[in-house]
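Readers should treat all values here as calculations from the given coordinates under stated rules, not as data from a laboratory. Bear in mind that the values here come from a model prediction, so they are computed numbers and not experimental data. Note that we place each Cβ from the backbone using ideal geometry, even for glycine, and neighbour counts take in every protein chain shown.
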Amino acid sequence: IQSAFDFLPQPFNGFGALANITYQKDDGYKGKSVITGEILPFPGLSRTSYNYSLYFENERFSARASYNWREKWLITPSGRGALPEFNEDFGSLDASVSYNILPELTVFLEAINLLNDNRIEHNSPLRRIGNETFGKRMFLGVRAKF
C-alpha cells in the first residue's frame, strides 16, 4: 500500500506513507534436522516480514523514516554440532533527510539502524551462537549533478 497525502493543505501535502507485509509458506521443502528429525523451514526464508515508511517531499526538502522487520529464519539445516542454525527476528529503523541547495547540488544525512538492533543467531532458543552488533551508522554527504 502506498499513499501520498496530497489531499492535505499546503505545506502538509508532501506527506505520504508506504506499508508492505509478506506472508509465505515453504510447503515444497523437505529438509529435516539430522539430530531431532523435525521438519525445517526453507533456508533464508522468513514466514512473515513487513516494512513501513513515512515520508515528506517537496521540491527542496525530503525526509523519510522506514522500519523493516522479518521473522526468524533458518541459516543452515546442519551447523555447529549438526544442529540447525537460525537467525532470530530482526528489525531496523532507518531514516534520511536531504535538502536541494541548487537543482544540481543536494546535501543529505542518512541514518541506519537507529534503534541499535543486534542480529542474533542460535541453534536452540537457549543457546546463542552469534551476536552481530552493527551499531548506528550515519552518513553525511553532498550529491552533485553535472
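Key figures for this structure:
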quantity: Lysine pair number, Cα distance threshold 23 Å (strictly under), the chain, separation 8 or more or different chains; calculated: 4
quantity: Mean-position separation - Cα centroids, the stretch 14-77 and the stretch 130-146, in angstrom; calculated: 21
quantity: Magnitude of the charge dipole, the chain, Cβ model with Lys/Arg +1 and Asp/Glu -1, debye to 20; calculated: 340
quantity: Correct option for Rg and Dmax of the Cα atoms in Å [calculated from the coordinates] among (1) 20.7, 63; (2) 17.0, 50; (3) 15.1, 55; calculated: (1)
quantity: Packing-based ranking, highest mean first, of 87-99, 56-68, 4-16 given that Cβ atoms within 10 Å are counted; calculated: 87-99, 56-68, 4-16
quantity: Positive-end residue of ASN20, THR133, TYR52, charge dipole of the chain with Cβ unit charges; calculated: THR133
quantity: Protection proxy ranking, peptides 73-80, 134-141, average beta carbon neighbours within 10 Å, highest first; calculated: 73-80, 134-141
